[in-house]
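Read through the structure below, which is laid out as structure tokens, and then see the notes.
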Amino acid sequence: IAFGLINVFGAKETTFLQRVLVTTLVVILIAFVIAGLKETGVAEAFRPEAGHGAFFKSGIVGFVSTIGLVFVSYAGLTKVASVAEEVQNPDRNIPLGMTLSLITATIIYTLGTVILIKVLEPEALYSSLTPIADAGREFLGWVPFDLGVILIVVAAIAAFASTGNAGIMSASRYPYAMAKDKLVPVRLSQIGKYGTPTIAIIVTVAAMIIVLLLFDVASVAKLASAFQLLLFGLVCVAVIVMRESKI
């Protein structure tokens, strides 16, 4: 509800909050990566360990299922396209924003994973639901008041908050665009006094709340990656149809 209200009050307010959240997240994760590489040693971090050479040891099914599990972590960059109408100099800024976000996420995720594998014992890593905090506790124990782990928790909260904030902003633009094409009720395309599609945002937030209240949240989260892949596939089909039919 809070993020919905921020989205109603304006795109600039929403993006300012997004900048704060993402900057906080990225700075903490970069510090985690630097401290982790310092702990393990850069050369040691990338030296393959015995028993870890079998990349496909769970077969193609294990490989593909892992892609499906982590894919949703990279799906956020497509949110840029949904707010294309509100981006200044979109020809330059949209491709630049998507490229930089993908590069940043890939580097941080890859280095972060390397550090986790090196710092934590395999059994501890496999059984942990909070591996980054556990790894931080291992090599940031010298920081007073457990501040290292607290910063990891702050980063996690910033990650969830930024996802929710950006999710509402991007998701609300779909009914808004569909309403302009008269595919859904036209009222969803109305712009409020703050210059945002107020009704579309309210409907989007309400739909999210209903899903959270009526369905098992863990099950919904597990479906997220598969649904994103299905959605991207349908988008590609839609583009082909539009081009071939000269729309």
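The values are calculated or read from the model by the stated rules, or taken from the named source; none is laboratory data. All of these numbers come straight from a predicted model, not from anything done at the bench. We place every Cβ from the backbone using ideal geometry, glycine too, and count neighbours over all the protein chains shown. All accessible areas refer to the heavy atoms of the entire protein, side chains included, with ligands and DNA or RNA removed. Shrake-Rupley method; radii C 1.70, N 1.55, O 1.52, S 1.80 Å.
One table, with the values for the structure above:
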read-out: Taking the C-alpha atoms of the chain, convex hull volume expressed per residue in Å³; value: 173
read-out: Tensor-based shape of the stretch 195-237 (alpha-carbon gyration tensor, a/c under 1.5 rounded, otherwise prolate or oblate); value: oblate
read-out: Selected from Ser101, Gly112, Ala206, residue furthest toward positive end of dipole (the chain; charges at beta carbon); value: Ala206
read-out: In Hz, Karplus ³J(HN,Hα) per residue of the stretch 77-84 (6.51, -1.76, 1.60; θ = phi - 60°; x = Gly, Pro); value: 5, 6, 4, 4, 5, 6, 10, 4
read-out: Leu37 accessible area, assembled protein chains, probe 1.4 Å, Å²; value: 30
read-out: Peptide ranges 15-23, 194-202 listed from the most packed, as the mean C-beta count within 10 angstrom indicates; value: 194-202, 15-23
read-out: About the Cα centre, charge dipole magnitude for the stretch 131-238 (Lys/Arg +1, Asp/Glu -1 at Cβ), debye; value: 640
read-out: Accessible area in square angstrom per residue, the chain, 1.4 angstrom probe; value: 66
read-out: Accessible surface of the chain, 1.4 Å probe, proportion on carbon and sulfur as whole %; value: 73
read-out: Inter-centroid distance (Cα atoms) of the stretch 1-42 relative to the stretch 121-169, Å; value: 13
read-out: Listed pairs Lys222/Lys246; Lys79/Lys193; Lys12/Lys222; Lys57/Lys118; Lys12/Lys246; Lys182/Lys222 exceeding 30 Å between Cα atoms; value: Lys222/Lys246; Lys12/Lys222; Lys12/Lys246; Lys182/Lys222
read-out: Rg over Rh [alpha-carbon atoms, Kirkwood Rh] for the stretch 99-215; value: 1.16
